[in-house]
1. Relative to the present Cα-Cα distance, how much length would full extension add between HIS131 and ASP206 at 0.36 nm per residue of separation?
2. Run lengths n ≥ 4 of DSSP H only: what is the helix-derived mean residue ellipticity at 222 nm for the chain, with -39500 (n - 2.57) per run over all residues, to the nearest 500?
3. Using a 10 Å cut-off around each Cβ, can you sort TYR78, TYR57 from fewest to most neighbouring Cβ atoms?
4. For region 7-185, what are Rg and Dmax over the alpha carbons, in angstrom?
5. Provide GLU235, GLU280 in ascending order of the number of other Cβ atoms located within 10 Å of each residue's Cβ, fewest first.
6. For ALA115, what residues show an amide H to amide H distance below 5 Å, using hydrogens built from the backbone and excluding near sequence neighbours?
7. Among SER302, SER321, which comes first, then next, by fewest other beta-carbon atoms within 10 Å?
8. Rg and Dmax of region 176-260 over Cα atoms: what are they, in angstrom?
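Every number here is computed from the coordinates shown, using simple stated rules; none is lab data. Since the model is a prediction, treat every value here as computed from it, not as a measurement. No Cβ is skipped: glycine too gets one built from the backbone with ideal geometry, and neighbour counts run over all protein chains shown.
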Amino acid sequence: MEKHGQRVLILSASAGAGHVRAAEALLKDFQAHPAVAHGGEVQHWDILKYSTATFRYIYSKMYLDLVNKAPGVLGYMYKRTDVPWKKTFAQAFEKFNSGPFVKAIAQYKPDLVVATHFTPPNVMAWLLAKHQLRVKPAIVVTDLDCHAMWLCRSYLHYFVSLEETKVYLEQMGIAPEKITASGIPVDPVFRIPRDKKTTRHTLGLDPESFTILVSAGGFGVGPVEMLIAELMKIELPVQIVAIAGKSEELKAKLERMAKKSPPTAKARLHPVGFTKQMDEYMAAADILISKPGGLTTAEAMSRGLPMCIVNPIPGQEERNSDHLLELGVAIKCNNPPTLGWKIQQLMENPARLAQMKERAKAFGKPEAGRKIVEELLG
């Protein structure tokens, strides 16, 4: 039975772009549901905006600094804290810095809370224990694997990407009927069918050319220039679309690389800055070269787009990488100087590439957001 006039709150944290993108995707599916559209309301909050300046710095700026400058430290922290049901200093720190959030949620009075980051459920569990809140959060895990930080005893429902992750949660004591292997929610535009050649033409690309999409992520991080230089050595006709993200400096460097490319080169470079057309670029591409973030992975699979994994962040991205390789939807390049050769080998083996595309399409779950909303609202 549908619940009408529902007030929904979606909570994310802007430590990396993925958690926020998942929340924004869910927002659109909640807005389309009758329980919200007819007299209800849905809001998306970044929980970091309701915490102290110190907490925001640690969760966002320091996270990106570790990704770029000390990924090994990030991986060490990930493994050290992956102990099920163990209280950590980080969780205590979250509660200590949650004063503004407590006041805001008390004023909003949501009927349903959905979290796409592990911080909000931990804070809300603390508030529930103190009888300051009555709404248990639904939890949407935005990686293929589930770190211990996601584990919460006061929850409404868990939504995960894989059946294996569902089994893991069951082994951790989560009730099976309260876990759904829905997939990770992606923007509804990923459900729109797009013809590859037509989309290439619309984006100003050669409709007939093999297309490599290189993503630096929403914040423009990673050794992108080095990767592009290796891809430019490919000896077959190919076009390389390089997404620079929010980094204007990186986009300028890529544009200079494109201008310096000799007319006789088989590879053509197309630099792109920050874009909201990733679904179209993914529809136009034959393979994606990227870090295996949860949202990037979910979007690529929704488009049936195989991946070449480069330099995954130690911790959650390494685990995502393991799953993708096991599923047969990705290859991995451990040594950047071999990247061009590795992609060319795949181009010369169309049967293998076609198989990877079929597996990616089968694994993709573009309806995940709608499934989550239906599960929660009827």
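1. Residue separation times 0.36 nm, minus the Cα-Cα distance, leaves 21.0 nm.
2. Mean residue ellipticity, 222 nm, calculated: -13000 deg cm²/dmol.
3. Final ranking by Cβ density, sparse to dense: TYR57, TYR78.
4. 15.8, 49
5. GLU235, GLU280
6. LEU11, ALA138, ILE139, VAL140
7. SER321, SER302
8. Reported Rg and Dmax, both Å: 16.9, 58.
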